[in-house]
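If you scroll down you'll find the structure; I have some questions about it.
The values are calculated or read from the model by the stated rules, or taken from the named source; none is laboratory data. Computed from a predicted model, the values in this text were never measured in an experiment. Note: ideal-geometry Cβ built from the backbone for every residue, glycine included; neighbour counts use all protein chains shown.
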Amino acid sequence: MSPLTYIIGWPLLMAVILAFIPRNYRVLMRLGTLLATFLSLLVAVKMFVQFGGAEVGLGGYRFVQQVPWVESLGISYYVGVDGINVGLILMGALVAFAAACVSWEIKTHEKEYYLLLLVMTGGILGAFSSLDLFFFYFFHELALVPTFIMIGIWGRGADRNFATFQITMYLTVGALIALAGLVLLYLEAGLNTFDLVRLTEHLQNNPLKAGAQNFIFPFLLFGFGILVSLWPFHSWAPVGYGSAPTATAMLHAGVLKKFGLYGLIKIALPLLPNAAQGWVHVIAALAVGNILYCGWVAMRQRDLNLLIGNSSVAHMGFTFLGLASLTLIGITGAVTVMIAHGLLAALTFGLSGYIYNETGTLDTRKLGGLLRPMPFIGTAMVMAMMAGCGLPGFANFAGELLVLFGAWNSLSGFVVAAAWGALVVGAVYMLRAVRNVVHGPLPELERTPRDANAWRKLPFVLLLAALLWFGIFPSVLVNKIKPDAARIVKMVTGSEEPATAQAMAALKRGDAKN
C-alpha cells in the first residue's frame, strides 16, 4: 500500500472515529486530531526523504497505488508523487499538524469542529496526491465545504456572515468553471478515462486541435485562478481569512489555495501547450495585478489579518509569473514559492490568531510593544515578516529569486520591473507591521498578554524550522522539483533553455556556501 494512502487515510479514519465519540469527551477529540495529523506528518516526512531513491513507476511517479472504482467511466483511486507534489504534500501535512495544535482556541461545538478539520485535512492531502482527475476534484471539494462551514460557525468579526457568503460564492463558481474545463478535456481526449498519466501520454502524442485547446484553456485558467485568488477575482480571500478561525485560515491560505496552481502546472500547461503559450502574456499581466495592486492594498490595512490576507494574495502573483515564464527555472521557482508561502501563511495566521486571543484585537493602532510581554511570539512574528519580505535565509527568497530569473528573459521589461517594485512594496508594509505590533510602547489592554508555553510554541517552531531549512538548503527542494519541471517545460515548449543550468548551478553554489 502506498504511503500516500496512509497520509490521506489517517485524518479521514479519525474523523469517522470521532463521529461515534460522545461530545463531552473533549480531550479525546483533541488528542485524536493531534495523533492523526502527526501520523500523517511522520509518513510525509519519511516519503519526502525516500523520494529520490524510490522506484519510479508509470509516468515518472513514485509510491503509486491504483484501485479501479467505476471502470465504465475510467475512474479509479490513483495516487502517486513526483517532484512537483512531493514537497506540497509534506508542507500540507506539516500545516495540518500545526493547525491542529492551535485549535485550543475553539471552545464551542468542538466535536463538529475537529471532525470538519480532519475532513478538510484529508481532502487537501488527497487532492495533491491524486492522479485521477475525478478524485483530484472530489478531494478538493471535500476540503472546500468544511471551509465554508467553519468560517460561518467559528469565525469572528462583524463581517463573518458576509465573508462566508462571499467566499462560498467565489469558490463555488471557480470550482464549477474548473470542473467544466476538466469535463471538456475528458470528452475531447476521447480515452474514456480520468487517469492523468494516460491522458498526459496520449495528448503528448496526439495533441488536441488548436481550437479545442484555446476553448478549454480559459476554463481551467480562470476556474483554477479564482481558487488561487488571481486578480481581479481575489476580493474573497483577505475578508475570508480575516474572519476565519485560525486553523481554517492556516489550512486554506497555506495549502488548499495552492490547488489551483497545482492544477495549472499539472493539467493546463502540459495538456494544452499551444493554448498555454498563447495565454502567457495575459497570465503575466494578471500576475502584476496580484503583485502590485494587492501590495498597495496591504499598505493601507490597519487590521493585521487583512494585511496578511492581502499579502498572501500578492505573493500568489509570483507563482503566476513563474508559470507565465514557461521556463524551467521559473516553474521550479513557482513550485518553491508555493511551498514557502504555504509555510509562511500558516505561520503568520497562526501568530495573528494567538495575538488576537491574548489581546482581543488585531487593530495595529491598538497594539504595540508586544515583544516585551511576549518575547517568543514577538520574535516569531518579526521572523515571519522578514520571510515575507524575501529576506535571504528563508525559503521565500529562494523561490522568488528563481521566479525573477525565469521572468527576466521571457517576459516584458514592465512585468519584471513591476515584480522588483513589488518587493519594495512588500518590505514597506511588512516592516511597518513589525514596528506597529511588536515595537514601541505597550498600550493599555483589557488583560496582560501572555507568551506561549512550550506546547503552544511547537507549531510555530516547526513552521519556522521548515522555512529556514528550505531557505538555507534550497537544493533539498530544487533537486526534487527540477526533473519534473523540466519535463513539463519540454511538453509545453518542446525545448529546455540552456541558461537554466547556469542559474541552477549558481543556486547550488550558494546552498553549499550556506
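Any idea which of LYS107, LYS46 is over 21 Å from HIS252 (Cβ atoms), of a type in the set (D, E, K, R) and at pLDDT 90 or above?
Numbers: LYS107 fails: at pLDDT 90 or above.
Unique residue meeting the criteria: LYS46.
Right, next: Which residue, of ALA422, ALA407, ALA387, is closer than 21 Å to ALA346 by Cβ, touching a residue at least 24 places away in the same chain (Cβ under 8 Å) and buried (at least 24 other Cβ atoms within 10 Å of the Cβ)?
ALA387
If you don't mind, there's one more thing I want to ask. Among the residues that make up the range 441-456, is at least one of them in a helix (DSSP H, G or I), among the hydroxyl-bearing types (Ser, Thr, Tyr) and in the same structural domain as TYR293 (by TED's automatic domain parsing)?
We begin by selecting, within the range 441-456, every residue in a helix (DSSP H, G or I); these are 454-456.
Filter again for among the hydroxyl-bearing types (Ser, Thr, Tyr), leaving none.
The answer is no; no qualifying residue exists.
Consider LYS366 against the criteria (1) exposed (fewer than 15 other Cβ atoms within 10 Å of the Cβ); (2) modelled with pLDDT under 85: it satisfies all of them except one. Which criterion is unmet?
So the condition that LYS366 fails would be (2).
Of everything in the range 209-237 that's hydrophobic (A, V, I, L, M, F, W, C) and not in a helix (DSSP H, G or I), which residue is surrounded by the most Cβ atoms within 10 Å (Cβ to Cβ)? Even if it seems obvious, please write down each step before you answer.
If we filter the range 209-237 for residues that are hydrophobic (A, V, I, L, M, F, W, C), which is where we start, we get 210, 212, 215-217, 219-222, 224, 226-228, 230-231, 233, 236-237.
Right, trim to not in a helix (DSSP H, G or I) and you get 230-231, 233.
Details: LEU230: 26, TRP231: 22, PHE233: 17.
Ranking the qualifying residues of the range 209-237, first place goes to LEU230.
Keeping to the range 331-377, report how many residues are out of contact with any Ser or Thr (no Cβ under 9 Å at 6 or more places or on another chain), basic (Lys, Arg) and under 23 Å from ARG300 (Cβ atoms).
The total comes to 1.
Hey, can you tell me all the residues within the range 395-421 that are more than 19 Å from VAL489 (Cβ to Cβ) and among the polar types (S, T, N, Q)?
Listed by number, the residues that qualify are ASN396, SER412.
Which ones in the range 401-436 are among the polar types (S, T, N, Q) and at pLDDT below 80? Let's see the steps before the verdict.
Residues of the range 401-436 that are among the polar types (S, T, N, Q), as a first pass: 409-410, 412, 436.
Within the range 401-436, ASN409, SER410, SER412 meet the criteria.
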